[in-house]
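Read through the structure below, which is laid out as structure tokens, and then see the notes.
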Ligand code: GLN
């Protein structure tokens, strides 16, 4: 099993590190050929508007829906914006891979970024993890075939469907590997 981490901007190195700590083979993806032999992909945080432009420039944007028909994608923060169906407050063109609506920069500016406990429901058990929210988006609607997996102050902050996991926070910034483990298991089940 090989999981790619989109390496166009953001802290992709930390996602690679977390996966490798779990002994998962992880590679940086900067072009279509590198995606071709991955069975899963993480889209890290960054700036969603820039990410869309960069993905289009290198010809990866159009390939992601096709890739996702076969293999899981995990979007964190700006990555969660990219996989959503609708961005309610900004003309970002999302990939529509999971039926959620999302609002960009919903908690305010950089200075309003925060680090707080998130309650996560995984495989029938409830755990708490530290959630780092950096100019984070907010999920404003969760569609029918989407499960809410984590909440913070009444907001849904992590969701999934069959082939997509999306979190509005940055699990790679803490040493807790629970969420990367969950994604790696999601990928493994597909193989
Ligand atoms: N504010 C960024 C955006 O809207 C997301 C921030 C992040 O990924 N940490 O694209």
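The values are calculated or read from the model by the stated rules, or taken from the named source; none is laboratory data. Remember, predicted model here, so these are calculated numbers, not experimental data. All Cβ positions, even for glycine, are placed from backbone atoms using ideal geometry, and neighbour counts span all protein chains on display.
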Considering only residues that are out of contact with any strand residue (DSSP E or B) (no Cβ under 6 Å at 6 or more places or on another chain), touching a residue at least 40 places away in the same chain (Cβ under 8 Å) and over 15 Å from residue 7 (Cβ atoms), which ones fall in segment 46-74? 48, 49, 52, 68, 69, 70
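Which one of 106, 84 is within 20 Å of residue 10 (Cα to Cα) and surrounded by 21 or more Cβ atoms within 10 Å (Cβ to Cβ)?
Among 106, 84, only 84 is within 20 Å of residue 10 (Cα to Cα) and surrounded by 21 or more Cβ atoms within 10 Å (Cβ to Cβ).
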Search segment 1-27 for residues being part of a loop (DSSP other than H, G, I, E, B) and without any contact (Cβ under 8 Å) to a residue 40 or more places away in the chain, and hand back the single one that is farthest from the ligand (Cβ to nearest atom). 23
Does segment 36-56 contain at least one residue that is part of a helix (DSSP H, G or I), under 18 Å from residue 74 (Cβ atoms) and away from the ligand (no atom under 16 Å from the Cβ)? no
Residues of segment 69-84 being closer than 22 Å to residue 137 by Cα and in a helix (DSSP H, G or I), in sequence order, are 78, 79, 80, 81, 82, 83
Counted residues in segment 85-96 being within 17 Å of residue 46 (Cβ to Cβ) and outside any strand (DSSP E or B) come to 5
Considering only segment 97-109, how many residues are within 10 Å of the ligand (Cβ to nearest atom) and part of a loop (DSSP other than H, G, I, E, B)? 5
If I ask for residues that are within 16 Å of the ligand (Cβ to nearest atom) and assigned to a helix (DSSP H, G or I), which ones from segment 162-191 would you list? 171, 172, 173, 179
On the given criteria, is residue 164 within 13 Å of the chain's Cα centre (by Cα), surrounded by 15 or more Cβ atoms within 10 Å (Cβ to Cβ) and free of Cβ contacts under 8 Å to residues at least 40 places away in the same chain? no
Please go through segment 135-161 and give me each residue that is part of a loop (DSSP other than H, G, I, E, B), in contact with a strand residue (DSSP E or B) (Cβ under 9 Å, 6 or more places away or on another chain) and surrounded by 15 or more Cβ atoms within 10 Å (Cβ to Cβ), ordered by number. 136, 137, 146, 161
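Residue under question is residue 169, and the condition is that it be surrounded by fewer than 15 Cβ atoms within 10 Å (Cβ to Cβ) and closer than 22 Å to residue 47 by Cα; does it hold?
Details: surrounded by fewer than 15 Cβ atoms within 10 Å (Cβ to Cβ): no; closer than 22 Å to residue 47 by Cα: yes.
Spelling it out, it is not the case that residue 169 is surrounded by fewer than 15 Cβ atoms within 10 Å (Cβ to Cβ) and closer than 22 Å to residue 47 by Cα.
Quick one: is residue 129 closer than 28 Å to residue 2 by Cβ and touching a helix residue (DSSP H, G or I) at 6+ places or on another chain (Cβ under 9 Å)? Outline the logic, then answer.
Values: closer than 28 Å to residue 2 by Cβ: yes; touching a helix residue (DSSP H, G or I) at 6+ places or on another chain (Cβ under 9 Å): yes.
For residue 129, the condition - closer than 28 Å to residue 2 by Cβ and touching a helix residue (DSSP H, G or I) at 6+ places or on another chain (Cβ under 9 Å) - is met.
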Condition set over 29 Å from residue 189 (Cα atoms) and in a strand (DSSP E or B), scope segment 110-132, selection modelled with the lowest pLDDT: answer is 114
In the list 130, 93, 119, 144, which residue meets the criterion of being more than 11 Å from the ligand (Cβ to nearest atom), in contact (Cβ under 8 Å) with a residue 24 or more places away in the chain and more than 18 Å from the chain's Cα centre (by Cα)? 144
